[in-house]
Amino acid sequence: MSAVSNRLLSSNLYAETAHPAPLAPPLGTDCSVSVAIVGAGLAGLSAALHLAEMGVDVCVLEAHEPGWGASGRNGGQINPGLKFNPDELFARFGADLGRRMIAMTWGAPDFTFDLIRRLGIDCDARQNGTLRAATNATTLESVRETAAQCAAHRMPVRFLDAAETHAATGTGRYPAALFDPRGGDLHPLNYARGLAAAAQTAGAIIHGGSRVRSARRQSGKWLLRTKNATVSAEKLLLVTNAYTDELWPDLKKSLVPVYSSIMATEPLPDHLAARILPRRPVLYESGHITVYYRLDAQNRLLIGGRGPQRALERKTAALDYLKLYAERLWPELAAARWTHAWNGQLAITPDHLPHLHEPSEDVLLYLGCNGRGVALATAMGKQMADRLAIGPQAPINLPVSRIQPMRFHAFWPVGVHAAMLWGRLKDRLGL
């Protein structure tokens with residue numbers, strides 16, 4: 001296949017293979033609740049579930065349907081940690097918050113898998129570990145340092161040399177890797193839909209097709225207006241991530257929505273699938289421009305990375321680099337048939353950390369998972385639910401910051417394209 005077909009580009013593997021979506025009709029009549037949540041991604045759904053389980057009446061308003069955004073079309077990887085090493089978190093945020101950030105973010109995969117088991121969500125969840133792979137001498141030292149710091153914090157990680165990494169991946173591309181057994185993978189849209197169904201069973205109300213057009217205080221409460229009706233709430237949680245609009249002042253300008261693309265093969269023959277990631281961890285590369293991949297429960301290879309900074313809606317060869325890269329890793333894939341390709345937006349913040357804002361005691365704003373959203377958003381959903389239900393005495397294991405709009409935000413597409421080109425050049429040069 002030299003170029004990707006129109007049919008393939010409009011084909012999202014997850015949407016084609018997902019369980020039916022739970023009923024989430026548009027808001028049709030006015031209602032009043034204790035907590036209103038804007039956004040039915042993983043963070044919003046997790047928060048709704050945990051609030052409902054605490055007996056709090058909660059309503060979720062979603063412009064499309066639960067899991068429509070990155071929550072339902074990401075790479076399916078459940079990865080531990082943040083972009084920064086533990087020592088840097090200590091240096092930046094102090095011993096107390098740094099320790100809590102490390103415990104929460106590196107422990108988020110365990111929290112997520114435990115939640116999936118408790119709720120019985122059918123989403124092909126497998127806790128087979130995460131590989132963070134070095135691609136050159138510079139990233140080798142970076143991975144080695146991360147492994148040493150994680151081990152110093154008594155995390156169950158292993159540093160793999162070139163031979164061990166080759167055995168773990170089936171390719172000789174990588175000089176080393178960090179293996180963390182807490183990571184894993186799942187079918188993200190099935191997870192999002194299962195989380196939504198569980199939240200509804202617990203008592204949460206979810207309305208799809210209900211974009212919030214305005215949010216304002218009125219008579220001591222928050223009034224959220226949609227096309228057809230309004231919701232009145234004592235407290236508000238806004239979790240729209242890369243699809244944040246102008247609903248809250250300056251919030252959209254505090255992040256950059258970056259498109260990430262994924263391609264998938266047909267189910268591979270057993271003999272070939274046995275050579276690629278034989279123990280079925282997920283992998284992401286350590287570098288300026290990340291490539292990530294996994295084999296799903298049906299032995300399809302899913303490989304993703306930065307692609308066109310627009311929705312994929314027509315014929316293009318822009319994703320051929322992912323196919324060619326996969327063949328570089330495993331030449332036997334030259335005969336494989338690539339059946340699906342899709343993309344979506346994730347939220348990147350200037351400091352590459354998730355941002356939590358609390359303008360007042362009755363409002364929480366959360367965004368910027370920076371590509372680590374499956375586990376992190378799930379864990380943060382519980383923490384934000386506690387904060388909204390209990391109040392300021394409920395700790396949150398992330399820094400609470402003020403909104404900082406980015407200068408020249410309107411030019412983000414140009415900036416992202418330039419950063420991608422520069423990042424790829426640095427990766428080639430080993431910088």
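FYI, it's all coordinate maths here, none of it is from the lab. Fair warning: this is a prediction, and the values are worked out from it, not measured in the lab. All Cβ positions, even for glycine, are placed from backbone atoms using ideal geometry, and neighbour counts span all protein chains on display.
What Kirkwood hydrodynamic radius, in Å, does region 65-193 give when the mean of 1/r is taken over all pairs of distinct Cα atoms and then inverted?
15.9 Å is the Kirkwood radius here.
Take the alpha carbon gyration tensor of region 1-149, find the square roots of its eigenvalues, order them as a ≥ b ≥ c, and report rounded if a/c is under 1.5; if not, report prolate when a/b exceeds b/c, else oblate.
Since a/c reaches 1.5 but b/c is at least a/b, the shape of region 1-149 is classed as oblate.
Where Lys and Arg each count +1 and Asp and Glu each count -1, what net charge lies around VAL231 among other residues with Cβ under 15 Å from its Cβ?
So the surrounding residues net to +3.
Give the percent of DSSP beta bridges with both residues in the chain that are antiparallel, rounded to the nearest 5.
Of the beta bridges lying entirely in the chain, close to 65 percent run antiparallel.
Can you give the FRET efficiency to the nearest 0.05 for ASP250 and THR138, using r as the Cβ-Cβ distance and R₀ = 30 Å?
Step by step, r from the Cβ atoms, then E = 0.25.
Is any residue of region 91-134 close enough, with backbone N under 14 Å, to a label point placed 7 angstrom from the Cα of THR17 along the Cα-Cβ axis, and if so, which?
So the set is 123-126.
Counting only pairs 8 or more places apart or on different chains, how many lysine pairs in the chain have C-alpha atoms closer than 25 Å?
For the chain, qualifying lysine pairs total 16.
If you average the C-alpha positions of region 181-200 and of region 63-92 separately, how far apart do those two centres end up, in angstrom?
The two parts, judged by their Cα centres, are 14 Å apart.
With equal scatterers on the alpha carbons only and no solvent term, can you work out the Debye log10 of I(q)/I(0) for region 82-141 at 0.21, 0.22 1/Å?
Debye intensities relative to I(0), on a log10 scale: -0.91, -0.93.
Nearest 20 debye, what's the magnitude of the dipole of the chain about its Cα centre given +1 on Lys and Arg Cβ and -1 on Asp and Glu Cβ?
It comes to approximately 700 debye.
Using alpha-carbon pairs under 8 Å, 6+ residues apart, how would you state the relative contact order of region 240-396 in percent?
Relative CO of region 240-396 lands at 27 percent.
Work out how much length ALA229 to ARG92 would gain on full extension: take 0.36 nm times their residue separation and subtract the Cα-Cα distance, in nm to one decimal.
Here the answer is 44.9 nm.
Counting alpha carbon pairs within less than 8 Å and at least 6 residues apart, what relative contact order, in whole percent, applies to the chain?
26 percent
Region 326-399 to region 248-272: how many Å between their Cα centroids?
About 12 Å separates the Cα centre of region 326-399 from the one of region 248-272.
Pick out, from GLN345, LEU364, VAL291, the residue whose Cα sits farthest towards the positive end of the charge dipole of region 263-392, with +1 on the Cβ of Lys and Arg and -1 on the Cβ of Asp and Glu.
Toward the positive end, the furthest listed residue is VAL291.
Using mean Cβ contacts within 10 Å as the protection proxy, how do 359-366, 332-339 order, highest first?
Per-residue Cβ counts within 10 Å, averaged per peptide and sorted highest first, yield 359-366, 332-339.
Between GLN404 and ASP30, take the C-beta separation as r, use R0 = 41 Å, and let me know the FRET efficiency to the nearest 0.05. Walk me through the intermediate numbers first.
Values: r = 35 Å, r/R0 = 0.86.
Calculated transfer efficiency: 0.70.
Applying the Karplus parametrisation 6.51 cos²θ - 1.76 cosθ + 1.60 with θ = phi - 60° to the phi angles of region 174-187, what ³J(HN,Hα) value in whole Hz is obtained for each residue in order, glycine and proline being reported as x?
For region 174-187, the Karplus curve yields 10, x, 5, 7, 9, 10, 10, x, 6, x, x, 8, 6, 8 Hz.
Relative to the compact-globule scaling 2.2 N^0.38 Å, provide the ratio for the alpha-carbon radius of gyration of the chain.
0.96
Name the trypsin sites (Lys or Arg not before Pro) in region 273-303 that are in a loop by DSSP and that have at most 15 other C-beta atoms within 10 Å, would you?
ARG275, ARG279
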